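Before any comments, here is the structure.
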Amino acid sequence: MNKDDVVKARVQQLHDEINQHNQNYYQYDTPQIPDADYDALMRELQTLELAQPALISDDSPTQRVGSAPLDSFNQVEHQIPMLSLDNAFNEAEFEAFNKRVQGKIEMTDEVEYLVEPKLDGLAVSLLYQGGVLVQAATRGDGKTGENVTENVRTISAIPLTLKGINLPTALEVRGEIFMPLAGFEKLNKQAIEADEKPFANPRNAAAGSLRQLDSKITATRPLAFYAYGIGVVEDFVLPKTQKKLFGLLAGWGLPVSNQVLVARGPAQCHKAYDALANKRPLLPYEIDGVVYKVNNFELQEKIGFVSRAPRWAIARKFPAQEKMTEVVGIDVQVGRTGAITPVARLSPVFVGGVTVTNVTLHNEDEMRRKDVRVGDTVIVRRAGDVIPEIVSVVMDKRCDDCVPFLMPTTCPVCGSAVERAEGEAIIRCPAGLFCRAQVKESIKHFASRKAMDVDGLGDKIVEQLVVSGLVKTPADLYRLTKERVSSLERMADKSANNLLLALDASKQTTLPKFLYALGVREVGEVTANSLAMYFGRLDALQGATLENLEKVPDVGPIVAQHIVAFFELQHNRDVITELLAAGVHWPDVSAVSHKNKALSDKVFVLTGTLSSMGRDQAKEILQSLGAKVTGSVSKKTDYVVAGEESGSKLKKALSLDVMVLSEEEFLNMAKDYQG
Ligand code: 5U1
């Protein structure tokens, strides 16, 4: 061998050694060398590559540092949809699922399941071609995700090339990217030290780290990965069971959980659940339940899936977690519509995967009912993604001098006397946009993603803009200049420019988004959409009577009154005029809504699997034609669109004499109205 060959061979040897150490560390959780020795191998490889850049290959372990930032993520269409899982919340619900499985496969024997931990991270798809990682995508809506290849390439737990010789020509690996607890705690400590906002939980930290446009940032984040399934596979004969698939994936160098086991029938499945629930506090990562999958692939195929989830798998979620902590204070917050909400400040407590420091007490009645006082010890509960709540006060620990909290009689921000409308539990500050708190919240709402979507206008900037008096109404945002924005604290020239660009970009919007952004009471996204579809034009909505408004799907008498009251206020009309004068605009929707009046009062239910599109897409089409799509069949339903394998909803439609459309009839109808 000449000298070049020797170097080349050493580089290959270093790749193999480092990849093996990554696998030992991430997959087997048993590092075989100290960190310093691992670093020395990496340094040696870097030195060799620096001396001979031609030796740097795409799959070199040194290439996991990230590349140039992207402007946005490209979309990736999943060839095979990435399904989600149905949930069971107790033994009975699992047993009902097991019965359905047995029914489908006409089997009375115990069914064999693979039991896996349900990781609290985010699902990704990794595409290997000829054993080389060529694409990574997030789950997205299951049909289309985001291309996060550059970011995923920085995650050492994910092999850039698979091990072995008889590899599939194409292999799509599916699994979960997550942040182990130790890494999460370290990352948050660093964030707090740098005066940045810490992540609420490891899941958010993992998602935030993966969805960075700058992959160099992702490269610094302690992310891990476990594979649990496959999508596309070409030129390869798969094993017969889910369990064996795990073995195969591990053999290819992909990390898989070491907490999986096979269980037969409900009794063993429940036992496996209990065992994992007991282990949960000891695991170095967050899990929020267990996943049961019918182990045999042939049976899985027989059982099939519904549009969103397989019928052969189910997640059994762990119950809500409860912890005790102390109430260190009670504050009141003033919301966008003037609602004054009591909020309990707590000694930080880690519950259900997040550190909780504040809990809303909702309103005066709720606070009285629970009788929460400053100094109390309380039980805090958090389940899944649900907001935390105080379950009860621990009365045994009540201190002698704890006094009931009294709601203020004046607004804590502007001093106006508060009001409580008859029959309402909420007290309100009536000052509207004369109250700074309401201005702040209105501006935050106006700029939020589902409204005008002004990128970079975070809470802290809004706070400064309002406190400094630069912004009193949403229209003032479009009067901001570079000079004014740059004068804000921590606002570098580049960020000021970006904010102005984002404001400019936000001027091009849609009527539903604009209506939602105005922040009319009780007008959420769905109602804003219905209003836009029904009236087509802003001036038509502004002049609408109560009677007219109540004809709109989703709008009842109270919402109609809020809408009329909003447009009656001269201040609101002035702000709208100023926004339009500043250049806020949207494509005309009147043509669509008027032409399609025929569907605008119609109520549809979608059921079963459509072969040409997902239900979400069908729903979008119907909504764009002015129809309302609901989840359950009743006498009020006009049409049920029944795809393949329609079940109880179809039966109910037939029993109520509701018109049933096949997929083809639905498509023809949509085509007719779309013109
Ligand atoms: N462990 C595990 N998590 N998880 C999530 N397995 C698993 N399988 C999934 C999902 C969504 O889906 C397949 C059953 C399709």
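The values are calculated or read from the model by the stated rules, or taken from the named source; none is laboratory data. All values derive from a computational prediction rather than experimental measurement. Glycine also receives a Cβ, built like all others from the backbone with ideal geometry; neighbour counts cover every protein chain displayed.
Can you find a residue in segment 40-59 that is away from the ligand (no atom under 16 Å from the Cβ), closer than 30 Å to residue 291 by Cβ and either not assigned by TED's automatic domain parsing to the domain that holds residue 139 or not polar (S, T, N, Q) (or both)?
First, pick out the residues of segment 40-59 that are away from the ligand (no atom under 16 Å from the Cβ): 40-59.
Pick out the ones that are also closer than 30 Å to residue 291 by Cβ and you get none.
No, every residue in segment 40-59 fails to be away from the ligand (no atom under 16 Å from the Cβ), closer than 30 Å to residue 291 by Cβ and either not assigned by TED's automatic domain parsing to the domain that holds residue 139 or not polar (S, T, N, Q) (or both).
Pairing residues of segment 467-491 that are farther than 14 Å from residue 434 by Cα with residues that are among the charged types (D, E, K, R) and assigned to a loop (DSSP other than H, G, I, E, B), at Cβ distances under 8 Å and at least 6 apart in sequence or on separate chains, gives 478/507. Residue 507 satisfies every condition listed in (1) modelled with pLDDT of 95 or more; (2) under 30 Å from residue 553 (Cβ atoms); (3) surrounded by 18 or more Cβ atoms within 10 Å (Cβ to Cβ) except (3). For segment 221-238, residues that are within 14 Å of the ligand (Cβ to nearest atom), under 22 Å from residue 184 (Cα atoms) and not aliphatic (A, V, I, L, M) total 2.
Whenever a residue of segment 94-109 is of a type in the set (Lys, Arg), its partners that are assigned to a loop (DSSP other than H, G, I, E, B), lying with C-beta atoms within less than 9 angstrom and at least six residues away or across chains, give the pairs 100/311; 104/304; 104/311; 104/312. The helices (runs of 4 or more DSSP H) found entirely in segment 513-582 that carry 3 or more residues being of a type in the set (Val, Ile, Thr) and on the phi < 0 side of the Ramachandran plot are 557-568, 570-581.
Looking only at residues in segment 257-296 that are surrounded by fewer than 22 Cβ atoms within 10 Å (Cβ to Cβ) and of a type in the set (Val, Ile, Thr), the one that is nearest to the chain's Cα centre (by Cα) is 291. Of the set (1) within 30 Å of residue 374 (Cα to Cα); (2) crowded, with 20+ Cβ neighbours inside 10 Å, all apply to residue 323 but (2). All of (1) part of a loop (DSSP other than H, G, I, E, B); (2) over 30 Å from residue 613 (Cβ atoms); (3) out of contact with any Ser or Thr (no Cβ under 9 Å at 6 or more places or on another chain) hold for residue 69 with one exception: (3). The single condition among (1) out of contact with any Ser or Thr (no Cβ under 7 Å at 6 or more places or on another chain); (2) surrounded by fewer than 17 Cβ atoms within 10 Å (Cβ to Cβ) that residue 235 does not meet is (1).
For segment 72-81, residues that are more than 16 Å from the ligand (Cβ to nearest atom) and assigned to a loop (DSSP other than H, G, I, E, B) total 3. In the set 606, 599, 650, only one residue is surrounded by 13 or more Cβ atoms within 10 Å (Cβ to Cβ) and touching a Phe, Trp or Tyr at 6+ places or on another chain (Cβ under 7 Å); that residue is 599.
Could you please give the count of residues in segment 97-115 that are in a strand (DSSP E or B) and of a type outside the set (Ser, Thr, Tyr)?
Keep residues of segment 97-115 that are in a strand (DSSP E or B), which gives 112-115.
Checking the rest, the ones that are also of a type outside the set (Ser, Thr, Tyr) come to 112, 114-115.
Residues in segment 97-115 being in a strand (DSSP E or B) and of a type outside the set (Ser, Thr, Tyr): 3 in total.
The lone criterion from (1) within 14 Å of the ligand (Cβ to nearest atom); (2) surrounded by fewer than 19 Cβ atoms within 10 Å (Cβ to Cβ); (3) farther than 19 Å from residue 257 by Cβ left unmet by residue 84 is number (3). Against the list (1) farther than 16 Å from residue 296 by Cα; (2) over 22 Å from the mean Cα position of the chain (by Cα); (3) away from the ligand (no atom under 16 Å from the Cβ), the condition residue 94 fails is (3).
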